[in-house]
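Undergrad: Quick one: this structure, given as structure tokens, is what I'll be asking you about.
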Amino acid sequence: MITNQHFGEIPQSYLFSEVAERVRRFETQHPEARVLRLGIGDVTRPLAPAVVEALHRAVDEQAAAASFQGYGPEAGYGFLREAIAAGEYAALGVDVSADEIFIGDGSKSDSANIQELFSETARVAVTDPVYPVYVDSNAMAGRIGSFDGERWTGLTYMPCDDTNEYRPALPAKPVELIYLCSPNNPTGTTLSRDDLTKWVEYARETGAVILFDVAYRAFITGDDVPRSIYEIEGADEVAIEFGSFSKTAGFTGLRCSWTVVPRNLRRDGVSLNAMWLRRQSTKFNGTPYIVQRAAEATYGAAGRAQVQADVEYYLANARLIRETLEAAGVAAVGGEHSPYVWFRCPRGMDSWEFFDALLERAQIVGTPGVGFGPTGAGHFRLSAFNTAEATQEAAGRLASFLATLG
């Protein structure tokens, strides 16, 4: 055998592919229907004017021999790494240096690739429900056993539901890798300062490494929710953090992200910062220059204000969705520090049953919670990434649909 057998062990139907197929079938059968999409987390607002201006300037630079840029540094250009260090970390009073920041082409790629730094016997823990990439990338590496139709036999699940306010408990058995996401995808919930302190202390005691995803940090409002795990003392010895411009600045098509690997983070006497640099230098030629210039523009005064306006636009959509659910007697979480709203399906419906009913009777697309892990069964996610007009219309349809369920 020359192929990687672990690919064949992963369930064939990727969650969002199945959603897309069901929507395609419905639209083929009902061409007159106006389907409103509150499912996949893609943005709908155009790029901020400051970002577009930066793109144009960078393209013009590429047209002149004196300013042309070819291969760039694999870890990212210094101008963007320094802008992130200042704008994302120094602004929080957190000491992260530019040489601890690595520019990537999306936190999906970065969080999937990071597992390559660890042995195939490293034990993994994930919150449940969970962003599927964390699980599937480790399955491809043969690290989490076999799939029994519901869960992976070698994976430690940390269930999150309304019984624990969607906050994961510490692993019941020893693990080396822990995936955490705050604000969380899919539940939209956040980890408090006390929560993160507990996790950092656990990792320092056990030697585990926390892989902390902050792709949605821009949606945090107020100061009571940490925007970075490095706000917690000692986190630079135990945590890698992933950030992204995709949802913050609408870069889902441009692709730009960052990963912080602190110099203080060492395991087995080896610097993980040096390992990640080696990995990126070997397998990645860097994010395009013009995209990095565009990302840099989000830290200027104009860019920051424009991007923040878009974040507030989506948060208004999220509040409307949550308020609509709660007015119908459906308890929901998320939508406060997050563009996602998560809830238990009414009347004991399972996730796909509710998906089909919502699509067929209200022409609204959401995401079945069961696709995010076993504890997601019987739950559902709605996304605020649509226009205000479409979200308003969807809210009306959703209210009417829920009323028919009683």
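The values are calculated or read from the model by the stated rules, or taken from the named source; none is laboratory data. On a predicted model such as this, the values are computed, not experimentally measured, just so you know. Every residue, glycine as well, gets a Cβ built from its backbone with ideal geometry; the counts of neighbours run over all protein chains shown.
Undergrad: Consider the stretch 126-155. How many of its residues are within 20 Å of the chain's Cα centre (by Cα) and hydroxyl-bearing (Ser, Thr, Tyr)?
TA: 4
Undergrad: I need the full set of residues from the stretch 102-154 which are assigned to a helix (DSSP H, G or I), among the polar types (S, T, N, Q) and in contact with a Leu (Cβ under 9 Å, 6 or more places away or on another chain), in order please. I'd like the intermediate steps shown before the answer.
TA: Looking only at the stretch 102-154, we keep the residues that are assigned to a helix (DSSP H, G or I), and these are 107-117, 132-140.
Okay, now just the ones that are also among the polar types (S, T, N, Q), so 107, 109, 111, 113, 115, 137-138.
Scanning the stretch 102-154 gives SER111, GLN115, ASN138.
Undergrad: Tell me, yes or no, whether the stretch 316-323 has at least one residue that is closer than 27 Å to ASP236 by Cβ and not basic (Lys, Arg). Outline the logic, then answer.
TA: Initial filter on the stretch 316-323 (closer than 27 Å to ASP236 by Cβ): none.
No: the stretch 316-323 contains no residue that is closer than 27 Å to ASP236 by Cβ and not basic (Lys, Arg).
Undergrad: Then there is this: Return only the number of the condition from (1) out of contact with any Leu (no Cβ under 9 Å at 6 or more places or on another chain); (2) assigned to a helix (DSSP H, G or I); (3) touching a residue at least 12 places away in the same chain (Cβ under 8 Å) that ALA91 does not satisfy.
TA: (3)
Undergrad: Another question, then. In the stretch 183-200, how many are surrounded by fewer than 16 Cβ atoms within 10 Å (Cβ to Cβ) and among the acidic types (Asp, Glu)?
TA: The total comes to 1.
Undergrad: Please go through the stretch 285-306 and give me each residue that is touching a Phe, Trp or Tyr at 6+ places or on another chain (Cβ under 9 Å) and either among the β-branched types (Val, Ile, Thr) or buried (at least 16 other Cβ atoms within 10 Å of the Cβ) (or both), ordered by number.
TA: Residues of the stretch 285-306 that are touching a Phe, Trp or Tyr at 6+ places or on another chain (Cβ under 9 Å), as a first pass: 285-287, 289, 291-296, 298.
Of everything in the stretch 285-306, those that are touching a Phe, Trp or Tyr at 6+ places or on another chain (Cβ under 9 Å) and either among the β-branched types (Val, Ile, Thr) or buried (at least 16 other Cβ atoms within 10 Å of the Cβ) (or both) turn out to be GLY286, THR287, TYR289, VAL291, GLN292, ARG293, ALA294, ALA295, GLU296, THR298.
Undergrad: Can you tell me which residue in the stretch 208-222 is surrounded by the fewest Cβ atoms within 10 Å (Cβ to Cβ), limited to those that are part of a loop (DSSP other than H, G, I, E, B) and within 21 Å of the chain's Cα centre (by Cα)?
TA: The selected residue is GLY222.
Undergrad: Which residues, taken from the stretch 74-96, are surrounded by 18 or more Cβ atoms within 10 Å (Cβ to Cβ), more than 21 Å from SER281 (Cβ to Cβ) and not aliphatic (A, V, I, L, M)?
TA: Result: GLU88, TYR89.
Undergrad: Also, quick follow-up: So which of LEU359, LEU325 ends up being under 25 Å from THR44 (Cβ atoms) and in contact with a helix residue (DSSP H, G or I) (Cβ under 6 Å, 6 or more places away or on another chain)? Working first, answer last.
TA: Details: LEU325 fails: in contact with a helix residue (DSSP H, G or I) (Cβ under 6 Å, 6 or more places away or on another chain).
Answer to the selection: LEU359.
Undergrad: Listed residues GLY104, GLY72; which is under 20 Å from the mean Cα position of the chain (by Cα) and small (Gly, Ala, Ser)? Let's see the steps before the verdict.
TA: Numbers: GLY72 fails: under 20 Å from the mean Cα position of the chain (by Cα).
Checking each option against the conditions leaves just GLY104.
Undergrad: Could you grab me the full set of residues in the stretch 355-406 that are farther than 16 Å from TYR340 by Cα, of a type in the set (S, T, N, Q) and either part of a helix (DSSP H, G or I) or not assigned by TED's automatic domain parsing to the domain that holds LEU325 (or both)?
TA: Hits for the stretch 355-406 are THR375, SER400, THR404.
Undergrad: Follow-up question, since we're still on this one. Would you tally the residues in the stretch 188-207 being part of a loop (DSSP other than H, G, I, E, B) and free of Cβ contacts under 8 Å to residues at least 40 places away in the same chain?
TA: As a first pass, look at the stretch 188-207 and keep what is part of a loop (DSSP other than H, G, I, E, B): 188-192, 207.
Now drop any that are not free of Cβ contacts under 8 Å to residues at least 40 places away in the same chain, which leaves 191-192.
Summing the residues that are part of a loop (DSSP other than H, G, I, E, B) and free of Cβ contacts under 8 Å to residues at least 40 places away in the same chain in the stretch 188-207 gives 2.
Undergrad: Another question, then. So which of GLY286, GLY253 is outside any helix (DSSP H, G or I), assigned by TED's automatic domain parsing to the domain that holds SER109 and over 30 Å from GLY369 (Cβ atoms)?
TA: Values: GLY253 fails: over 30 Å from GLY369 (Cβ atoms).
Going through GLY286, GLY253 in turn, the sole match is GLY286.
Undergrad: Oh, and also: Could you please let me know if ARG278 is basic (Lys, Arg), more than 13 Å from TYR77 (Cβ to Cβ) and in contact with a strand residue (DSSP E or B) (Cβ under 7 Å, 6 or more places away or on another chain)?
TA: Details: basic (Lys, Arg): yes; more than 13 Å from TYR77 (Cβ to Cβ): yes; in contact with a strand residue (DSSP E or B) (Cβ under 7 Å, 6 or more places away or on another chain): no.
When the stated conditions are applied, ARG278 does not pass them.
Undergrad: Is one or more of the residues making up the stretch 331-354 assigned to a helix (DSSP H, G or I), of a type in the set (A, V, I, L, M) and in the same structural domain as ASP42 (by TED's automatic domain parsing)? It would help to see each step written out before you state the result.
TA: Taking the stretch 331-354 as the starting set, the residues that turn out to be assigned to a helix (DSSP H, G or I) are 346-348, 351-354.
Pick out the ones that are also of a type in the set (A, V, I, L, M) and you get none.
Checked against the condition, which is being assigned to a helix (DSSP H, G or I), of a type in the set (A, V, I, L, M) and in the same structural domain as ASP42 (by TED's automatic domain parsing), the stretch 331-354 yields no hits at all.
Undergrad: Let me ask something else about it. What are the pairs with Cβ atoms under 7 angstrom where one residue, in the stretch 260-277, is touching a residue at least 12 places away in the same chain (Cβ under 8 Å) and the other, located anywhere, is basic (Lys, Arg) and in a strand (DSSP E or B)? Sequence gap at least six, or different chains.
TA: LEU272/ARG266
Undergrad: Pairs under 6 Å by beta carbon, first residue among the polar types (S, T, N, Q) in the stretch 117-133, partner assigned to a loop (DSSP other than H, G, I, E, B) and modelled with pLDDT of 95 or more, six or more apart or different chains?
TA: Listed pairs, sorted by first residue: THR127/CYS160; THR127/PRO168.
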